[in-house]
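Beneath this line is the structure, given in structure tokens, with notes to follow.
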Amino acid sequence: MSNRAFRLYDTMTRQVKELVPLEPGHLRFYSCGPTVYSYAHIGNFRTFLTADLIIRTAEALGWTVDYVSNITDVGHLTSDDQEDGEDRMEKGLKSKEGERFANVWDLADFYGERFKEDWVRLNLRRPLVWPKATQHMREQIVAAQKLIESGHAYETPTGVYYDVGSFAGYGKLSGNINRDDLMTGVREVVQDDNKRHPADFALWKKDDKHLMQWYSPWGWGFPGWHLECSVMAMAYLGETLDLHAGGEDLIFPHHECEIAQSEALTGKPFARHWIHTRFLQVDGQKMSKSLGNFFTARDLVDGKGADPLALRYALISQNYGVPHNFTMDLLRDATQKVERYRQCEEKARKFLEAPAAEVEGDDVFVASLQTLYDETLEAMCDNLNTSVALAKALEGTRVILRESALTEAMAKASLEFLDKLNALLGIIHHDEQVEGSNQASSVDPAWVEQKIAERSAAKQGKDFARADAIRDELAAAGIELRDSPEGTTWKERGPTL
Ligand SMILES: [Zn+2]
């Protein structure tokens, strides 16, 4: 295990500090997942990618990581006000896209599975478990009961509410400590005259009309949104987490409420470190369907033929702690960069098969790749500084590509560098085989090689018209040729973004 410190901003203490797991080298990490009423958008994925990079960095340091990310498959209200608020799942079912589903369970199941597919396509590490709120109803009911018994919650004619005034630490994460201000910007706060304080939040809502309902000591109804994360995090990772993550919109009320519930239940700190990813904008504006700048991961991968790893590259290219502006230019640029890594790999493999006997400065080459990997990891350990990490990594591609020939030691060092980078950043290849990725080729390589041989023969025989015709034929099949002093290489044409 490395001695290197892994430093991350902590939302609770408002400073960058060392991430110190309770058990050295073993990170217990929970990240809030999506509500599966539709396809996840690229802003959601930016947040999940932050968690993914933390896992990869921790693993590069030799730690083991227990990672849990939930799936919210119970609908919750879209607005503060119960009268106007609409359940997200029910809204999804009533939408145009919802017509194909028999019921809300079917819809949740469908989008949950599509979400996992996107997750793997963007090369995120699979969590230990993807628990669903609907699979943990008993724990949520038991938790609400315990909170009533300990005086932290109370029942009204409309539900069970957490008494914010009963928990002295309420507001410590978000800084929202003035109880009268707590209503500002609060989602999920229900107007209910029976509540002791307007900021008290629901643990259980009584509702025998809701499309998803369960029977509880308080009759038919469904749990409040915040409760599921408290019980699922503790069920899989224990009463105190080393790290808890989410998007910046979750700081308040969601994470504040998770802390209030969990700490009232256990009397122990809920999480030792909190990390939040800032918003993603597209073309300098908040993503919205009406502006036409709203993208799901599959809009870009399936719809526009984007390489999913280039999309990943683009989404991590800005540090998680500042807002990120996503543009098509950024995605095109990322596509070229991902391609450079693959070119390096191709070159290293080729020279590993037929290495150059001698190259001047080969030891400098090997040492500089080691240094660059080290600096990349160092940048990741410095509060996940991805913009510096990606710049250092890219310097490595320059080192490899500028050499006209590689010795065996250089080729091996190059492949090792690329493998380690891929494990750390996940931008060159998928960790696992992915269906529907456009890395899968539909072209027979033997046919391409044969055409390239015919073209070289035509060029040698000065039949340039024939050589050009072969190039055009290959281009029509989506094959791009690259001529260099070492011969002709080929690749399938990238996406047309
Ligand atoms: Zn959560």
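The table below lists the values:
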read-out: Unique residue being among the hydrophobic types (A, V, I, L, M, F, W, C), touching a residue at least 60 places away in the same chain (Cβ under 8 Å) and touching a strand residue (DSSP E or B) at 6+ places or on another chain (Cβ under 7 Å) when the list is Leu19, Leu61, Leu49; value: Leu19
read-out: Count of the stretch 139-175 residues which are open to solvent by less than 20 Å² (accessible area, probe 1.4 Å), assigned to a loop (DSSP other than H, G, I, E, B) and under 24 Å from Gly221 (Cα atoms); value: 1
read-out: When residues of the stretch 292-336 are limited to those that are open to solvent by less than 50 Å² (accessible area, probe 1.4 Å) and among the basic types (Lys, Arg), the one nearest to Phe45 (Cα to Cα); value: Arg312
read-out: Any chance Leu352 is open to solvent by 30 Å² or more (accessible area, probe 1.4 Å), within 18 Å of Leu122 (Cα to Cα), of a type in the set (A, V, I, L, M, F, W, C) and outside any loop (DSSP other than H, G, I, E, B); value: no
read-out: Output for the stretch 358-404, where each listed residue is touching an Asp or Glu at 6+ places or on another chain (Cβ under 8 Å) and surrounded by fewer than 19 Cβ atoms within 10 Å (Cβ to Cβ); value: Val359, Val388, Ser404
read-out: Identity of the residue in the stretch 112-135, part of a helix (DSSP H, G or I) and open to solvent by less than 10 Å² (accessible area, probe 1.4 Å), that ends up nearest to Tyr30 (Cα to Cα); value: Ala133
read-out: Selection count where residues are open to solvent by 60 Å² or more (accessible area, probe 1.4 Å) and at positive phi, scope the stretch 2-35; value: 1
read-out: Considering residues of the stretch 74-92 that are at pLDDT 70 or above and closer than 16 Å to Lys205 by Cα only, the residue surrounded by the fewest Cβ atoms within 10 Å (Cβ to Cβ); value: Glu86
read-out: Test: residue in the stretch 461-478 that is farther than 30 Å from Ala357 by Cβ, modelled with pLDDT under 90, open to solvent by less than 60 Å² (accessible area, probe 1.4 Å) and not hydrophobic (A, V, I, L, M, F, W, C); value: yes
read-out: Selection count, the stretch 270-291, where residues are open to solvent by 60 Å² or more (accessible area, probe 1.4 Å) and farther than 30 Å from Glu239 by Cα; value: 7
read-out: Number of positions in the stretch 96-109 that are among the small types (Gly, Ala, Ser) and without any contact (Cβ under 8 Å) to a residue 40 or more places away in the chain; value: 2
read-out: Strands (runs of 3 or more DSSP E) wholly inside the stretch 205-323 that include at least 1 residues being away from the ligand (no atom under 16 Å from the Cβ) and of a type in the set (A, V, I, L, M, F, W, C); value: 214-216, 219-223, 280-282
read-out: Some residue of the stretch 226-242 being under 28 Å from the mean Cα position of the chain (by Cα), at pLDDT 95 or above and of a type in the set (Val, Ile, Thr); value: yes
read-out: Residue count, the stretch 10-28 (criterion: closer than 27 Å to Ile427 by Cβ and touching an Asp or Glu at 6+ places or on another chain (Cβ under 6 Å)); value: 3
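The values are calculated or read from the model by the stated rules, or taken from the named source; none is laboratory data. Model, not experiment: these values are computed from the prediction. Because the Cβ atoms are built from the backbone with ideal geometry, glycine has one as well, and the counts that use them run over all protein chains shown. Areas reflect the complete protein model, heavy atoms only, side chains present, ligands, DNA and RNA absent. Shrake-Rupley method; radii C 1.70, N 1.55, O 1.52, S 1.80 Å.
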